[in-house]
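Every read-out reported here was derived from the displayed coordinates using simple, explicitly stated rules and does not represent laboratory data. Just so we're clear, the structure is a prediction, and the values are computed from it rather than from any experiment. Positions of Cβ are generated from backbone atoms using ideal geometry, with glycine treated the same way; all protein chains shown enter the neighbour counts.
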Amino acid sequence: MVPLQDVTWIKHLYSANQVERFDRGRFRVAAVALPETAMHHNERYRFRLLFFEATTATPVMAVNIESDMLGGWHLTLQTGSSRKVAASYDRPPAYEDFRVAALALADAEIAAQPAAPPATAPRKPRRRARTGG
């Protein structure tokens with residue numbers, strides 16, 4: 001999978017409240033919660049699940065609860081440079097409800113990804129035929 005192009009995850013992973021870390025299939029997941037504020041449009045996200053593949057230091061997927069400029073809240077899925085809105089809310093859900101919806105959304109996205117090509121064994125170099133001379 002392609003790493004996230006939105007680098008706000010760096011700030012959130014290191015400065016927000018890390019709720020939990022866990023493994024999910026081939027992914028390591030970090031969950032963060034950003035503090036609630038009256039002016040929530042100043043901080044777009046409330047909760048984020050960041051999905052890291054085993055060998056990567058950059059997440060390849062994020063599922064978020066984020067606000068829009070009009071004050072609505074959305075469950076979004078980010079992969080690479082794309083963002084999809086999966087659900088909308090008048091108020092952000094509790095973390096436990098977000099987690100259930102986010103994992104279902106992530107599982108569906110992972111299942112929809114094409115399977116990785118099978119690993120092939122490295123080929124032995126061919127020996128050149130010696131020619132007399």
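Observations on the structure shown:
- Being among the hydrophobic types (A, V, I, L, M, F, W, C) and loosely packed, with under 12 Cβ neighbours inside 10 Å is a property that Ala62 lacks.
- Of the strands (runs of 3 or more DSSP E) entirely within the stretch 17-102, those holding at least 2 residues that are in contact (Cβ under 8 Å) with a residue 40 or more places away in the chain occupy 17-24, 27-33, 45-53, 61-67, 73-79.
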